[in-house]
Structures are given as structure tokens and as C-alpha cells.
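What follows is one structure encoded as C-alpha cells, with my remarks underneath.
The values are calculated or read from the model by the stated rules, or taken from the named source; none is laboratory data. Quantities reported herein were computed from a predicted structural model and do not represent experimental measurements. Note: ideal-geometry Cβ built from the backbone for every residue, glycine included; neighbour counts use all protein chains shown.
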Amino acid sequence: MPATVEELVHSLTLEEKAGLCSGQGPWHTKAVARLGIPAMMVSDGPHGLRAQRPGAEGPNDSVEAVCYPAGCAAAASFDPALTRRLGAAVAREAQAAGVGVVLGPAINIKRSPLCGRNFEYYSEDPFLAGELAAGFIRGAQGEGVGACPKHFAANNQETRRLSVDDRIDERTLHEIYLPPFETAVRDAQPWCVMSSYNRVNGVYASENPLLLDEILRGQWGFTGFVMSDWGAVSDRVRALAAGLDLEMPGSGGVNDAKIAAAVRSGALDEALLDKAVARILNIVLRAADLARPAPADREAGHALAVRLAKESAVLLQNLGALPLREGQKVAYIGALAAQPRYQGGGSSHVNTRGAVGALQAAQRRHRNVRYVEGFPAALDQRDEAEFLRAVAAAEEADAAVIFAGLPESFESEGADRRHMRLPDCQNNLIARVAAVQKNTVVVLHTGAPVECPWAGDVSAILCMYLAGEGVGEAADALLWGDANPAGHLPETWPLRLEDTPCYLDFPGDGMTADYREGVFVGYRWYDARRMPVRWPFGHGLSYTGFVYRDAALDRAVLADDGCVTVRVQVKNSGAVRGAEVVQLYVSDGTGAPVPGGRVPQALRGFQKVELAPGQACEVTFTLTPRDLAHYDAALHGWYAAPGRYELRIGRSSRDIRQTLELRYETARRPPLAIDENTPLGVLLADGRTAPVIRRVMAEHGVVEGDAGDGLMPPEAMAAMLDASPLRGMVQYRDEELAPLLAALREAAAQS
């Protein structure tokens, strides 16, 4: 038998090589028995395994597995160590089921809260999404199972997802939508990457050489194989040439034959086919070598699911109603108390043994709880008699806890939401209960932000997101003070849908989606517009308090090839143990022009620390010039202007506790395109061209700040000079303008 992948590829026939580039059925790669090449099974699994049962015919007939918190909840932990544990746990179940690659994590950016698949995704922020993804990948692959981050790239809506053309400018693509994948690839080296259904700037992602070859492999150094999302291949030969290795599922041999025919006709270089086959075989053989089929510990998995749910819950508001106290008489209202919604619909759906609701968890602990359904879990259906019973129970109790959330029909893979509202029956009952019970608590089970018109009327709000099968036990512990909320929002919760960045453009016209908001996604948009929000990115309360002090830098100036260490002391100032997420944001204060606009601040570090009452610790972050930079389309790369940057340390994007100033020194300058229409203000603002243009201005009697004949205020004269094109400064003839343009371009070319 051939001993190496290279020898295997050499031993394969053309038809066998073409066949290895597509799946065998929905979940396996093809085997080549004569050469000892095994088939490899893949399975969905971003928050729990969905492996097809042996011998089952239906693609959704999956083995029982632990359902962990969905991506929306796991991201709220702000803890890559926890996503690493999640990845490892899913991988152990994958090993037991004979699965070689888990199809996750799902790391697309939450462009709009309406995206039906947001419950699977991590964040609106690319830095947070990338760090959490790298944790999951390390955890899974540490157990000998490959991870497959998805969906590359810009799969940010479900509407017409198989054909929509996402029109995204170069800066926005590189600064917002690609970085989670870049971090995943550079820091964790996943075995696979899944290409998305959609087109990006006119080219299907599965046929996009810019994405698959130039960026993924060329710039980031990805060495695994690229597989398509299920049915995402339009032109198989073009996709293979662009860098798509494995088509899933198989096409019944149709596309295999097209590949072989293209090689024979010379339309496809066989060397490209050989490279694709080698990349696939490397992973298939690695999975076979690392296979350890042993039963997974179901109870340990459930215990981890409960812990992750506790760590991910976000206390959004608390005016004193939480934690509940032993001996209190509490009304539990809402069918979700007994039948919690704990996962989303679609390909990530886990066949689990079910979840204990918060009601059952409270009853097991013999808490003084009275339950009234109030409203159903799956419908927007109002029953006035049930409403009256709920209001009466709340009025008689010491506190009322309403379990609210989106029905599965409101958010699922395959369709986007049409609004941000909870069912009307829920909003109505919350308002009526709050009117008679000052200690009203709302527990939210939702995969994405919802409008909360009653937020000012209730005492406390606890967001569980879609927290997996441990949701009920976790909610019980958090409500009654046996655990301390430690989650923070991985996305902004706006006051209303109309405030969102892409409100006018989402989901597009059915064929195209214009990303006209550019880099202003999530908190970048709300901060730039100084817009009030319901709760900001990074927000999360605790039953204890934290004090920040003594922030410092190890150096005041950062050079091109250097790094700077940021330190801050954090102390638990309260009476109970708690965990804090310390967040670091960078704000560009240089004043240098940024094409496409300067974002007010960007997350560049976060760290979760657990502290006992009175305990303090030092939290450190390391920053490099890349952390100060924006993507410059003219450079086709990252650029940070020299000057002042403000470093902001706090509990959320809008709760900054300490600030520091850092100066950046660099000789790099972005390219400056100059012609006769370039405004004088641009030339005067650039240190390379300013001396040249000032000399010429002096020669022609043009003086900066000159008020002229007094017909206009000095400010207006300065603005006119700034806006004047080069050709209008003096009446140059073409032969006189050319040397000036040459001199300016020569100056601008200096680094």
C-alpha cells in the first residue's frame, strides 16, 4: 500500500480523484478500498452533536447527545476557556459516534438582529467572535476531532441565502466580516473551513478565488481543506479551480464526471485536482489515526451544560428583586418556565433527552413557587382567563418571575425575523403583572435581541439566551442566588428595530444585499451616532460590585514593530463571589482621515476574572500596531496613523472605568492618489506633500488663514481654500501643471 499522501494521490485514477472531491451521501467522504483510504464522517455540532444514527435513512435521525448553550449564549460568557471546554465536550461525543469532523463553530457576524440564524452565531464584534471560535477549535481538535468554522464568508442573512449577492466594500469585508475566520485560522488551524451559500461581490463564495485561495490560503496560511455548505456549489469545475476541495453532499457522480472531463479537455489543470485530493486525504487519514471510539460521559456532559448556562446568562437589569430569598412566596408565570426554549431550529438542532425547566428545578429544591401558565410557549395566543389568574398570583406573591421569549417559529435557520418584538400576549401580560407587583422579574429565552417596551416597569431582567439543556437548573441557581450572573452581551440590544445599522438595507431586494453601513456594525454604529440603546455591547450586571484602579502602560510610545502591555487592578468590592469581564477598547484620536469613516472605538481585549469578596487581581493586555489599525483599501492592508490613541478599560462599551493615552510612532504612510482635482486641504494635511504645496502657494501669493478682502469670515475662507482643487489654485497651463503633479507624487511616494 502507498505510505504517504503523495504516493496515494499518485496511485489514484483520475475518476477516483474526482470522486474524492465529493461526499458519499449526506455525511461521509468517499472511501477507496483498494488503497486503504477510509471514509470519514462529518456531523453538525456547533453546540452539540447531531450525528446520524448508524443505518438511519433520514438525515435528521440523529443520536442522542448533550445540548450545550447555543452560540448566542456561549458568546455571552466572554470566555474562550469555556468555548474550549465546549468544543472538547462535543468532540468527545463525536469520537463516540465515529465522527471525524464537527461542522462548527458558526462565526458569522450579527449584522442585523433579524437574521434567523443569529442564535448560532457569536457576536456583532469580529474580535470577540474570533477569540471564542479559536477556543472551540482548540478544544475539539485537542480531542482528535476536526473543527470546521463556518460559513465563509458573509453569510449574514437567511433570506435568499443560496443566491443573494452581498455587496461589501473591501475595507468592510476585511475589517468586519473576515477577521473571525482569520483569528480562527491563524491561531487555531482548523482542519476544515466551510464555504457559504451566498455570493460576495458577484461571485459565489464556493467559487471565489479571492476568498478561498488568495486570502484563506495565501494570506492566512490555511492548510486544511475547504468543504461547501450543503448544496452550495453552482459550477463544480470553477469551484475546484477557485479552491473548493470537497463538495457536500455528493451529486450522484454528476459533478465528479464534470471534473474528470475538464481535466481531460485541458480546461482544468490536474495539478489543482491533485492538491485538493491531497488536502482532503491529509485530514481523512489524520481523523482515522486519532479515532478513539469510547462512550462519552453523559452525566458529565450535562453538568458542563449547566455550568456553561450559568456562566453565559446576562443580568440586564436589577433594581433589587434579585436574587430571590428563601421563604419568599414567588409566582412563576409563562409556559417557558415548564417548557423552556433552549436551542434553535435547523441544522444545529440536537436530539437531546430534554431540558428541565426552571419550574421543575425550583420544585426539586422545594422553593415556595406557584405556577400559572399565563401564555403558551409556542404561540402568540391570549387567554383572558389565564391572564387574570397570572395577575392574581403575582399580586398575592412577594415576587413574580415571568418566563418570556421567542417561539421557535419566530427565529430559525432558513428564514429571517420580520420584527424584533416578543409575542404580543407576552408583552401585554408582562405589563399587567408589573402594574400590580413591584418585584417583577423577566427571564428571557431568546436567540437574539428583542424590543422590551416594559423594561422601565419591571425590577429585574435576566437573559438566558438559548442556554441548552441545563437552562432550567442554571436559571434556578441564578434567580435564587446559588450562582452569580457573569455573562455580558456579545451584541447591542437596540431600543427599536428602526435604530439598527442596516434597517433600510436588510435583507435586500431579494437578489442583492448592499452593506451600505460599511464598518459601522453593532456598537460601532450606535457609538458613532451617539444613539441611546436599551443595553450596550459588553453590558452585564452582577450580585456584587467591582472597582477598577491604577491602569498603566509599560511604555507611553508604541513603535512599528513593538508591543505595549496594559495593566489594570480590579477588585471585588461586594459581599459575594463573582466574575467580571474586563474589556479593553481602542479609540483613534489621531485625527487622520480614514476613508469610509473612523469608528469611535473597537474591542481589542477582554479577560474574565473570578474574585472572592475583597479580592483584587491585576489584569493585563498586550497590544500591537495591528490593534490600532483600520484596513486601508488603497494599501490593501492594515494601517495605523501616527499620533494619539485612547485606551479605554471598562465593564461595557459604554461603562468605561479607566482611560490611558498611547502614542504611536511610524514612518509608514498610506498611498496618496494625486491629480489636478485633489483638494488643497488633502495636500496640506499630509506631511509629505505639505511642504511642496506651501512653497507653490507662497510663490503665487496664496496664504493659509488669509481673510482676503473681508467679504467672508476667516473660517469660510479657510474652508474654501481647503476644498479648492489643485487646478484652481492658479491658472496653470497643462505644461506647468505637469511638473507640479510630478513633484507632489514624488513627495507622496516617500515613506
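Regarding the range 297-305, can at least one residue be identified that is farther than 30 Å from residue 578 by Cα and surrounded by 17 or more Cβ atoms within 10 Å (Cβ to Cβ)?
Applying the first criterion (farther than 30 Å from residue 578 by Cα) to the range 297-305 yields none.
No, every residue in the range 297-305 fails to be farther than 30 Å from residue 578 by Cα and surrounded by 17 or more Cβ atoms within 10 Å (Cβ to Cβ).
For the range 680-699, filtering for residues that are assigned to a helix (DSSP H, G or I), charged (D, E, K, R) and either in contact with a Ser or Thr (Cβ under 6 Å, 6 or more places away or on another chain) or more than 16 Å from residue 724 (Cα to Cα) (or both) leaves 2.
Just to confirm my filter: which helices (runs of 4 or more DSSP H) fall fully inside the range 3-121 and include at least 3 residues that are under 25 Å from residue 256 (Cα atoms) and assigned by TED's automatic domain parsing to the domain that holds residue 258? Walk me through it before giving the result.
On the way: elements: 5-11, 14-20, 71-76, 80-97.
In the range 3-121, 5-11, 14-20 are the helices (runs of 4 or more DSSP H) which contain 3 or more residues that are under 25 Å from residue 256 (Cα atoms) and assigned by TED's automatic domain parsing to the domain that holds residue 258.
Being under 24 Å from residue 602 (Cβ atoms) and of a type in the set (A, V, I, L, M, F, W, C) holds for only one residue in 185, 164, and it is 185.
Rundown of residues vs (1) touching a strand residue (DSSP E or B) at 6+ places or on another chain (Cβ under 9 Å); (2) under 16 Å from residue 174 (Cα atoms); (3) surrounded by fewer than 18 Cβ atoms within 10 Å (Cβ to Cβ), yes/no style:
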| position | (1), (2), (3) |
| --- | --- |
| 579 | yes, no, no |
| 590 | yes, no, yes |
| 606 | yes, no, no |
| 616 | yes, no, yes |
| 619 | yes, no, no |
| 625 | yes, no, no |
| 631 | yes, yes, no |
| 641 | yes, no, no |
| 644 | yes, no, yes |
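So for the range 335-345 (the condition being farther than 25 Å from residue 298 by Cα and more than 29 Å from the chain's Cα centre (by Cα)), does at least one residue qualify? Yes, the conditions are met somewhere in the range 335-345.
Within the range 154-194, restricting attention to residues that are more than 24 Å from residue 41 (Cα to Cα) and among the aliphatic types (A, V, I, L, M), the residue that is surrounded by the fewest Cβ atoms within 10 Å (Cβ to Cβ) is 162.
Residues that are under 28 Å from residue 665 (Cα atoms), assigned by TED's automatic domain parsing to the domain that holds residue 463 and either polar (S, T, N, Q) or crowded, with 22+ Cβ neighbours inside 10 Å (or both) are absent from the range 560-570. You will find that of 32, 66, the residue that is of a type outside the set (S, T, N, Q), surrounded by 21 or more Cβ atoms within 10 Å (Cβ to Cβ) and out of contact with any Cys (no Cβ under 7 Å at 6 or more places or on another chain) is 66 and no other. The residues of the range 382-405 that are surrounded by 15 or more Cβ atoms within 10 Å (Cβ to Cβ), among the small types (Gly, Ala, Ser) and more than 23 Å from residue 473 (Cβ to Cβ), listed by number, are 390, 393, 394.
Of all residues in the range 618-637, one or more are within 26 Å of residue 124 (Cα to Cα), in a strand (DSSP E or B) and free of Cβ contacts under 8 Å to residues at least 24 places away in the same chain.
Criterion applied to 322, 316, 359, 379 was being in a loop (DSSP other than H, G, I, E, B), under 15 Å from residue 475 (Cα atoms) and either of a type outside the set (Ser, Thr, Tyr) or free of Cβ contacts under 8 Å to residues at least 12 places away in the same chain (or both), and the one residue passing it is 322. Would the range 505-523 turn up any residue that is out of contact with any helix residue (DSSP H, G or I) (no Cβ under 6 Å at 6 or more places or on another chain), surrounded by 21 or more Cβ atoms within 10 Å (Cβ to Cβ) and part of a strand (DSSP E or B)? Checking the range 505-523: at least one residue is out of contact with any helix residue (DSSP H, G or I) (no Cβ under 6 Å at 6 or more places or on another chain), surrounded by 21 or more Cβ atoms within 10 Å (Cβ to Cβ) and part of a strand (DSSP E or B). The residue list 286, 353, 298 contains one member that is among the basic types (Lys, Arg) and in the same structural domain as residue 223 (by TED's automatic domain parsing), which is 286. Go through the range 1-26 and give me each residue that's at pLDDT 95 or above and either closer than 22 Å to residue 345 by Cα or among the basic types (Lys, Arg) (or both). Result: 17, single match.
The condition of being in a loop (DSSP other than H, G, I, E, B), touching a residue at least 60 places away in the same chain (Cβ under 8 Å) and at positive phi holds for residue 481. For the range 229-236, does any single residue satisfy the condition of being in the same structural domain as residue 41 (by TED's automatic domain parsing) and either part of a helix (DSSP H, G or I) or on the phi > 0 side of the Ramachandran plot (or both)? Looking for residues that are in the same structural domain as residue 41 (by TED's automatic domain parsing) and either part of a helix (DSSP H, G or I) or on the phi > 0 side of the Ramachandran plot (or both), one finds at least one in the range 229-236, hence yes.
Please find, within the range 238-261, the residue that is farthest from residue 41 (Cα to Cα) out of those that are in contact with a strand residue (DSSP E or B) (Cβ under 7 Å, 6 or more places away or on another chain) and in a loop (DSSP other than H, G, I, E, B). This residue is 243. Which members of the range 407-435 meet the condition of being modelled with pLDDT of 95 or more and among the hydrophobic types (A, V, I, L, M, F, W, C)? Within the range 407-435, 420, 422, 425, 429, 430, 431, 433, 434, 435 qualify. Residues in the range 406-440 that are in a strand (DSSP E or B) and crowded, with 24+ Cβ neighbours inside 10 Å: 1 in all.
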